[in-house]
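Undergrad: One structure, pasted below without further comment.
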Amino acid sequence: MTTARAATGSTKSRRPTAEKRVARRYPCLSECVVRMEGVGEPLDWSGMIYNISSTGVGLALPFPALMGTVLQIEPRGRCQGPMQLRARVVRCALQKYVWFHGCEFVAPLGDEELQRWLAELLRHPAG
């Protein structure tokens, strides 16, 4: 019986988690500046946008932001006009030495605004 149980346990396969995202994600490794909204003294942190969609953004930060925190995100470098995203942290996970954050926008981006962000982020890739 022990062998049968061991074999059964070892042959179980993990089911892939269902994709919950409704908007197409665009990869873009680009540096950004991040601030937590609503704090007394604003502090800027360097971050990395690793993907963006019309409904959210993936960020890598050197610290874990609390779930529900609203972050203000700006591209690093010269922008053509003011650009700022407001996104709420919905996921946070440590991967080696960087905290990856899944964030949903407070207000989704329209097609034109998403294209403007993509153009800006791809103009200033990390590296």
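Any read-out appearing in this document is the output of simple, stated calculations on the displayed coordinates, not a laboratory observation. Keep in mind it's a predicted model, so treat the numbers as computed, not measured. Using ideal geometry, Cβ is built from the backbone for each residue, glycine included, and neighbour counts are taken over all protein chains shown.
Undergrad: Any chance you could run the full-extension gain for V106 through V39? It's 0.36 nm times the residue separation minus the Cα-Cα distance, nm to one decimal. Display every interim value, and only then the final one.
TA: Values: separation 67, 0.36 × 67 = 24.12 nm, distance 1.74 nm.
Value of the extension gain: 22.4 nm.
Undergrad: Report the convex hull volume per residue for the stretch 41-80, counting only C-alpha atoms, in Å³.
TA: Enclosed volume per residue, from the Cα hull, is 112 Å³.
Undergrad: Tell me, in nm to one decimal, what length is gained between W99 and R123 on full extension, where the rule is 0.36 nm per residue of separation less the Cα-Cα distance?
TA: Details: separation 24, 0.36 × 24 = 8.64 nm, distance 2.44 nm.
Separation in residues times 0.36 nm, less the Cα-Cα distance, equals 6.2 nm.
Undergrad: By its C-alpha gyration tensor, with a ≥ b ≥ c as the square roots of the eigenvalues, how is the stretch 23-123 shaped: rounded for a/c under 1.5, else prolate for a/b larger than b/c, else oblate? Write down the numbers at each step before the final one.
TA: Working: a/c = 1.42, a/b = 1.30, b/c = 1.09.
It comes out rounded by the Cα gyration axes.
Undergrad: Additional query: With a cut-off of at most 12 other beta carbons within 10 Å, and DSSP calling the residue loop, which GluC sites (Glu not before Pro) in the stretch 22-127 qualify? Please list them.
TA: On the way: sites: E31, E37, E104, E112, E113, E120; in loops: E37.
For GluC sites (Glu not before Pro) across the stretch 22-127 that sit outside H, G, I, E and B with at most 12 neighbouring Cβ atoms in 10 Å, the list is empty.
Undergrad: Follow-up question, since we're still on this one. Order of V39, V34 from fewest to most other C-beta atoms within 10 Å?
TA: Working: V39 9, V34 24.
Ranking V39, V34 by Cβ neighbours within 10 Å, fewest first, gives V39, V34.
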